[in-house]
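Everything below concerns the one structure shown next.
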Amino acid sequence: MDERKHTSAAARLGRYLLDQQLIADQSERNDAVRSVGVYFVACGIGLLGLLQLPKHGGWHPGLAYGLAGFALAVGAMIMSWKRWWGAPPIIQAITQVVGIGLIALGIWATGGVHSDAWPCLVGISICSCAFYRASWALFFLAECVLALAAPFAYAPSAAANSHVPAELLVTVTADLAIGATLFFVRRVQVDRRRQAEQEAQSDPLTGLANHRELDRRLRADVAKARETSDSLAVAVLDVDHFKQINDVVGHDEGDASLVHIADSLRAAAKSGDLVARSGGDEFTWVMAGTRADEAKRRAATLQQAVREAPWSPQVTISVGIADNSWTHDPAELTRLADGALYWSKARGRNRCSVYDPEVVEALSAEERAERLERSQAMRGLRALARAIDAKDPETRMHSERVSELARELAVAAGWKESRADLLAEAALVHDVGKIGIDDRILRKDCELTPEDREHVETHAELSARIVAGVLSAEQVSWIQTHHERADGTGYPRALTAAEIPAGGALLAVADAYDAMTAGRAYSDQREVDDVLAEITSLANLQFTSEAVAALQVLVATKETDTEAVSAS
């Protein structure tokens, strides 16, 4: 048991000696290398100079010349070897200890108590105070004191008959005082420099790493992950509608919300992660040893914490994630995460998307600007659609319901999620053309006259013209054809089933389904089974058979899910 304790203590001591740097401040290590090298060279030259003076008793010229040559060689080696401080700290410490021992030996070789070489030890004491950690500086100071005392302990009678001890004591005390003062002055300088470096590396508002520090750390983390074949994920976060927050509650509250998000990020980050404020309302979270799926779970937890925090106004964030399974280039990795972020924002915000080349597009700066402009235009169209729905209490939220139903129908029809999102986007503004329809007609609580119906039928073309500068040509075609009929009797162009785009056909079913299930002034609200039966009976007449089949699949799926929930 005791042997194990001793072994453990020895292992801890060994690890300490291997891990502890002699010099704490990285920026000072090169200066220390040059200083130590110059010092060894100076000692060698000084020792050669002493050998040219009249010799006293007890001198050993051969040994002194050998020590001088050795000191010059060591000094030249240290100055020329630029990576000296990259060696293990224990090697550096041993070199320092041996150096002090060699100086002590040089003092003995040039006369002991009568030697003029002892100031070399005082100088190395001051050097230790100037550069080394406090613990190492004290260790080297103690070694220097022992080395100074050794000649007097070796020849006490010579010391007693000499005035050298008193002079030596005064000089050593003065030099040690200078060294101690220098030690504290250097510590103050180091602390101030570290503070300045920290301020240069951090964002002043949130205290997180700034963009420059993020760039430096990300490059290092990606390189390390590549060397170790480890995973690494980058999450880019953006505050939703941040400009509106500033406009509504003021910039001070907007800044406070950024600080709140930064605090939430710190709490969510693990050891080894890096969190940074990479833009005005944008943050970056680098997760070491993490793949995209785990990063998404962690980001979702963060989103929930931000969303549910008792903060006014309520803040949400959108997130995009990419991991190093796609690339080992830091800039490209960030670009992929950016693409996923903009995909999240395009799909309604307050979402988290993982980069997948089949779903998410990696956007250039120009493409992001175009998407942002389009997003702002879509925001205006959505506001217009909501305003039109709000004219009549019975149609309020109609566009939102049709949008969600159109997305579900598209998925039921086998569309990819990204394409289904495009249909939902078009469905959200499918009725904006009603802005040109007389309110008197829109609010009629009876059947429309032929003249009124002709006027209403112009809204599909008008909707298409309004959104043409914002949506894609295919999306415009879906809006333009959502009142066409499979039998060719629809409007505005009387297209047949084969001519109606699939998106337009699905949108037609979604529009009709919502109108029947929500009810209108001229028709009662109906049950789902009744509506499904009627729409099914109109397959190949009013609706395409493919669109009706998608509705049947969707209704059946929802019924199955409801039964499963009830059973549980």
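The values are calculated or read from the model by the stated rules, or taken from the named source; none is laboratory data. All of these numbers come straight from a predicted model, not from anything done at the bench. With ideal geometry, Cβ positions are generated from the backbone for all residues, glycine too; neighbour counts draw on all protein chains shown.
Points to keep in mind about this one:
- Qualifying residue in segment 212-232 (condition: buried (at least 16 other Cβ atoms within 10 Å of the Cβ), among the charged types (D, E, K, R) and not in a helix (DSSP H, G or I)): no
- Selection within segment 530-560 - among the hydrophobic types (A, V, I, L, M, F, W, C), in contact (Cβ under 8 Å) with a residue 24 or more places away in the chain and not in a helix (DSSP H, G or I): Ala539, Leu541, Phe543
- Of note, Val41 does not satisfy the criterion of being modelled with pLDDT of 75 or more and under 19 Å from Leu138 (Cα atoms).
- Of the residues screened, Val354 is not one that is at pLDDT below 85 and outside the structural domain of Ser545 (by TED's automatic domain parsing).
- Gly348 falls short on exactly one of the conditions (1) buried (at least 16 other Cβ atoms within 10 Å of the Cβ); (2) not in a helix (DSSP H, G or I), and that condition is (1).
- Positions within segment 296-337 being charged (D, E, K, R) and surrounded by 24 or more Cβ atoms within 10 Å (Cβ to Cβ), in sequence order: Asp323
- Residue that is nearest to Val402 (Cα to Cα), among those in segment 480-504 that are in contact with a strand residue (DSSP E or B) (Cβ under 9 Å, 6 or more places away or on another chain) and either of a type in the set (Lys, Arg) or surrounded by fewer than 21 Cβ atoms within 10 Å (Cβ to Cβ) (or both): Arg485
- Condition broken by Ala268, with the remaining ones in (1) among the aliphatic types (A, V, I, L, M); (2) more than 14 Å from the chain's Cα centre (by Cα); (3) over 22 Å from Ala346 (Cβ atoms) satisfied: (2)
- Residue match in segment 268-290 (condition: of a type in the set (Phe, Trp, Tyr) and closer than 22 Å to Leu333 by Cα): yes
- Figure legend. Inter-residue proximity from segment 329-351: first residues outside the structural domain of Ala233 (by TED's automatic domain parsing) and modelled with pLDDT of 85 or more, second residues crowded, with 20+ Cβ neighbours inside 10 Å and of a type in the set (S, T, N, Q), beta-carbon distance below 6 Å, spacing 6+ or different chains. No pairs are indicated.
- From the options Ser566, Ser537, Ser545, residue that is at pLDDT below 90 and of a type in the set (Ser, Thr, Tyr): Ser566
- Filtered residues of segment 400-434 (kept if modelled with pLDDT of 90 or more and acidic (Asp, Glu)): Glu408
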